[in-house]
Each structure stands twice: as C-alpha cells, then as structure tokens.
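Asker: The structure is given below, and queries will be raised subsequently.
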Amino acid sequence: LDSRVSFRAMSRDRLPLVCAVPKLESYSGLTSWREEFPPEFYPQLYVSVGHGSRGLITAHLSAEILASEIFGEPSALEQDLRDHLLVERYLTRLLKRGVAVTPETASSFRVLYPPKATVETTRSLKR
C-alpha cells in the first residue's frame with residue numbers, strides 16, 4: 001500500500017507573503033496603528049513564501065514583484081494590490097487590535113519570526 005502526503009505552506013488569509021522583511025524592533029513601543037509609520041527593513045532580505053497549492057501560478061508574478069522592488073523599478077501590481085502581499089498586514093492587524101508587536105505576539109507568523117523555543121529546539125537538535 002503506497003501513499004503520499006504533501007504539506008504546502010500558506011498564510012492564514014491564503015495570500016502569499018512577497019516583500020522585504022521588516023524589523024520587529026521598528027514596531028516596539030507602538031500600541032496603535034499609524035498610517036504614516038514607515039517600518040525599517042532588514043537589508044537585502046526578501047521573502048516569497050506561503051503560496052500554498054497555488055505556487056505554480058503565483059511564483060512567476062511574485063518573482064517579478066520582488067525583482068522590481070529590488071531594482072527600484074515600477075511594480076507589476078497596483079499599490080493597493082501590492083499591500084495585500086506585505087508581511088506588515090499581519091503586524092498592523094495586531095496594532096489595530098491594540099496588541100503591541102513583540103517577538104511573542106509576532107511568533108504567530110512562524111515563517112518569518114519563529115518563537116524563541118523553536119529556534120532553541122532546532123539548535124539543540126543540530127548538536
């Protein structure tokens with residue numbers, strides 16, 4: 001009897017994360033969302049994750065989006081569509097609910113900000 005199981009990583013809202021990775025420290029001290037707030041980003045760190053079962057379809061557009069962002073070219077998507085692919089959508093949802101962004105609250109986004117226990121467990125397994 002042969003069987004196979006495949007797991008595909010996807011985000012909670014089923015939209016991929018295609019963006020530069022913001023620093024959590026730039027959100028420290030904020031308790032509410034402000035539209036004019038510009039977060040800091042890790043230099044030269046970009047992600048394209050969470051495509052789920054639609055990865056074959058969305059990977060090409062995601063690559064085009066990241067390439068245009070990296071090289072400072074106009075994006076293939078309009079800005080309001082582009083905003084739906086940013087990881088900040090999760091961090092701003094926390095702020096809009098009145099939850100401060102900390103490593104503990106952001107650990108629910110395990111793809112980008114793993115909980116400390118997971119990192120330590122991974123290190124101990126490598127030994």
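Asker: Does residue 104 meet the test of being in a helix (DSSP H, G or I), within 28 Å of residue 30 (Cα to Cα) and at pLDDT 90 or above? Lay out the reasoning, then the answer.
Answerer: Details: in a helix (DSSP H, G or I): yes; within 28 Å of residue 30 (Cα to Cα): yes; at pLDDT 90 or above: no.
The answer is no for residue 104.
Asker: Pairs, please: C-beta under 8 Å, at least 6 apart or cross-chain, first residue part of a loop (DSSP other than H, G, I, E, B) and in region 69-83, second hydroxyl-bearing (Ser, Thr, Tyr)?
Answerer: Short answer, once both residue conditions are applied: 74/68; 75/68; 76/68.
Asker: Within region 10-25, is even one residue touching a Gly at 6+ places or on another chain (Cβ under 6 Å) and open to solvent by 20 Å² or more (accessible area, probe 1.4 Å)?
Answerer: The first filter runs over region 10-25 and keeps only residues touching a Gly at 6+ places or on another chain (Cβ under 6 Å), leaving 10-11, 16-17.
Narrowing further to those that are open to solvent by 20 Å² or more (accessible area, probe 1.4 Å): 10.
Yes - at least one qualifying residue is present in region 10-25.
Asker: In region 26-42, which residues are at pLDDT below 80 and open to solvent by less than 90 Å² (accessible area, probe 1.4 Å)?
Answerer: Restricting attention to region 26-42, the residues satisfying the condition of being at pLDDT below 80 are 27-38.
Hits for region 26-42 are 27, 28, 29, 30, 32, 33, 37.
Asker: Go through (1) assigned to a helix (DSSP H, G or I); (2) at pLDDT below 55; (3) within 20 Å of residue 45 (Cα to Cα) one by one and return the number of the condition residue 111 breaks.
Answerer: So the condition that residue 111 fails would be (1).
Asker: Could you run through region 46-68 and say how many residues are open to solvent by 90 Å² or more (accessible area, probe 1.4 Å) and part of a strand (DSSP E or B)?
Answerer: 0
Asker: In addition: Where residues in region 74-101 are within 19 Å of residue 47 (Cβ to Cβ), charged (D, E, K, R) and modelled with pLDDT of 85 or more, which of them is surrounded by the most Cβ atoms within 10 Å (Cβ to Cβ)?
Answerer: 82
The values are calculated or read from the model by the stated rules, or taken from the named source; none is laboratory data. Keep in mind that this is a model prediction, so the values were computed, not measured. Cβ sites come from the backbone with ideal geometry, for glycine too, and all protein chains shown count toward neighbours. Note: accessible area is taken over every heavy atom of the protein model, side chains too, but ligands, DNA and RNA are not part of it. Shrake-Rupley method; radii C 1.70, N 1.55, O 1.52, S 1.80 Å.
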